[in-house]
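The structure under discussion appears below in the form of structure tokens.
The values are calculated or read from the model by the stated rules, or taken from the named source; none is laboratory data. As the structure is a computational prediction, the values presented were derived from the model and not from experiment. Here the Cβ positions follow ideal geometry from the backbone for every residue, glycine too, while neighbour counts run over all protein chains shown. The area values use the complete protein model at the heavy-atom level, side chains included, leaving out ligands, DNA and RNA. Shrake-Rupley method; radii C 1.70, N 1.55, O 1.52, S 1.80 Å.
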Amino acid sequence: MEEKTTGQLLSEKLTYKSKNSFAGIDSEAVHSYCEGYKAFLDAGKTEREVVKETIAMISAQGYVPYTLGDKLVPGGKYYLNNRNKSLFMFRIGSEPIEEGIRITASHIDSPRVDFKPRPVYEDSEMCFFKTHYYGGIKKYQWTAIPLSLHGVICKKDGDVDVRIGDDESEPVFYINDLPPHLAQTQYEKTVGKAISGEQLNVLAGSQPYDDDKVSDKVKLQVLAALNEKYGCTEADLISAELCAVPAMKARDVGFDRSMIGSYGHDDRVCAYPSVTAMLESEDSAHTLLNIIADKEEVGSDGVSGMQCKLLADLIEEIALNLGGNPRVVRAHSKCLSADVNVAYDPNFPDVFEKRNSAMINHGVVLSKYTGSRGKSGTSDASAEFVSFVTKIFDDADVNWQMAELGKVDQGGGGTVAKFIASNNIDVIDLGVPVLSMHAPYEVVAKNDVYMTHKAIAAFYR
Ligand code: MN
Ligand code: MN
């Protein structure tokens, strides 16, 4: 081998480049880990389903239900199920509680199309459900794709879960779009206006009920089917929570199978690694808390969102049970706000500043700050905390990169980080780079999913 020049050696020493994680990675471990992730994606498409799925996973590892006020003991493994929509799993460590808690917070709600309280109607001998979309969607992307229905109907005689359209044997649902032949006017509209909110009506049936004495026969036929399957009436739908999501399953993408396509990677692609990392960290001396939250896509408001006081209450309960001062525990706690970031896309180079963008396969992405315009709404992690976290990752051989969400003036976004920071807890954003974020079918790189698991596990230790 030729000897390196002084310039080459100096360049190696002084310059920084994020690196592709394929070199030296255990590809078999990556693929097998991602099989588990794909199964997790298909099992839970809404926050309620993910909570259920996660409870099954962690119960098998000895986690037991906890409600505020219960007694806690060192070594104990617990989960607080918050209204079936968000979940706090925690494990009491061996070190004094005033050393603080290692926390990870991700979210399990994804953009989708929710049903209105009075959804069912008939028009031109077709039955539809009226919807009100949830989260940031590009509405035109949700037409002309197969949809499945999910949710819960709370009837006077009990609750019934709805899940139909994911299994090949079941029917799917659909939102109509115009054929190009008649889209002359639609073509002239801006992308944001090509399909309106009130056009996102879900096609649910076309067969009339066989009785000449009634009107709205197609609607009646659909109501009869709902009644037969779920025992519900139109009045029961008023309180129901139902939504339509893409019916597609998670699949490998590319000849090399290096990527995964799925609905709702944002943010189950961080929730899953946070759970697996926690289950793997049984030997950690720290007290660990893993939160999978709801309502992030609409601002984290409400009782199942991260702005709810439940986090502060839970930390206080943990502190008091173990003889610690809650304020001291919070001050010494540290958190990873685990949420996805936008991956650099060479098809749309104009919106990115490439040097500060996340590249797929370059590992878990850290973001010191988020926000829009002049960093508005950000929880800016301190230089000290960034360096604390990156040292942990370097020591554990975690491939990581630091990125912003796009060009300064192109928009922006936020995460739950600021709602954790408001509790006097140091927090930094970290996650997986995603292509086509918030589309019905998003893409991530398997290596990055695996690295996120590795990063959170290193932080928990
Ligand atoms: Mn997210
Ligand atoms: Mn999002």
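The trypsin sites (Lys or Arg not before Pro) found in segment 164-233 that occupy coil by DSSP, while having at most 16 further C-beta atoms within 10 Å, are Lys189, Lys213.
Per-residue ellipticity at 222 nm, computed for the chain from helices alone with -39500 (n - 2.57) per DSSP H run of at least four residues, works out to -8500 deg cm²/dmol.
Rolling a 1.4 Å probe over the protein heavy atoms gives segment 86-133 an accessible area of 36 Å² per residue.
Please identify the longest segment of the chain free of exposed chymotrypsin sites (Phe, Trp or Tyr not before Pro), where exposed means a DSSP state other than H, G, I, E or B and no more than 13 other Cβ atoms within 10 Å. Result for the longest clean stretch: 17-254. Only lysines eight or more places from Lys418 in sequence, or on another chain, were considered; those with a Cα closer than 22 Å are Lys85, Lys295, Lys309, Lys334, Lys368, Lys375, Lys407.
Charge tally around Ser337: other residues with Cβ under 9 Å, Lys/Arg +1 each, Asp/Glu -1 each, net -1.
The GluC sites (Glu not before Pro) found in segment 231-317 that occupy coil by DSSP, while having at most 14 further C-beta atoms within 10 Å, are Glu282. Rounded to two decimals, the Cα radius of gyration of the chain over 2.2 N^0.38 Å is 1.06. Note on segment 112-246: dipole from Cβ charges, positive end direction compared against Gly151, Tyr134, Tyr121; the farthest Cα belongs to Tyr134. For segment 34-101, place one equal point scatterer on every Cα, skip the solvent, and apply the Debye formula. What is log10 of I(q)/I(0) at q = 0.22, 0.24, 0.28, 0.29 Å⁻¹? Debye intensities relative to I(0), on a log10 scale: -0.96, -1.05, -1.22, -1.26. For GluC sites (Glu not before Pro), the sites in segment 121-179 that DSSP calls loop and that have at most 10 other Cβ atoms within 10 Å are Glu168.
Of the solvent-accessible surface of the chain, computed with a 1.4 Å probe over protein heavy atoms with every protein chain present, carbon and sulfur atoms account for 52 percent.
Solvent-accessible area of Arg83, all protein chains in place: 140 Å² (probe radius 1.4 Å, heavy atoms, ligands and nucleic acids excluded). What is the Cα centroid distance between segment 418-461 and segment 179-216, reported in whole angstrom? That distance is 38 Å.
Put simply, the convex hull of the Cα atoms in segment 112-246 casts, on average, a shadow of 9.4 nm². Roughly what % antiparallel, to the nearest 5, for the DSSP beta bridges in the chain? If we restrict to bridges inside the chain, about 70 percent are antiparallel. Overall, the chain carries a charge dipole of about 860 debye about its Cα centre when +1 sits on the Cβ of Lys and Arg and -1 on the Cβ of Asp and Glu, all other atoms neutral. Only Cα sites of segment 292-451 enter the Debye sum here, all with the same form factor; the resulting log10 I(q)/I(0) across q = 0.17, 0.21 1/Å is -1.08, -1.44, listed in q order.
Can you bin segment 392-454 into rounded, prolate or oblate? Criterion: square roots of the alpha carbon gyration tensor eigenvalues sorted a ≥ b ≥ c, rounded for a/c under 1.5, prolate for a/b above b/c, oblate for the rest. It comes out oblate by the Cα gyration axes. Taking the three principal axes of the alpha carbon atoms in segment 58-159, the coordinate ranges are 67, 37, 23 Å, sorted in descending order.
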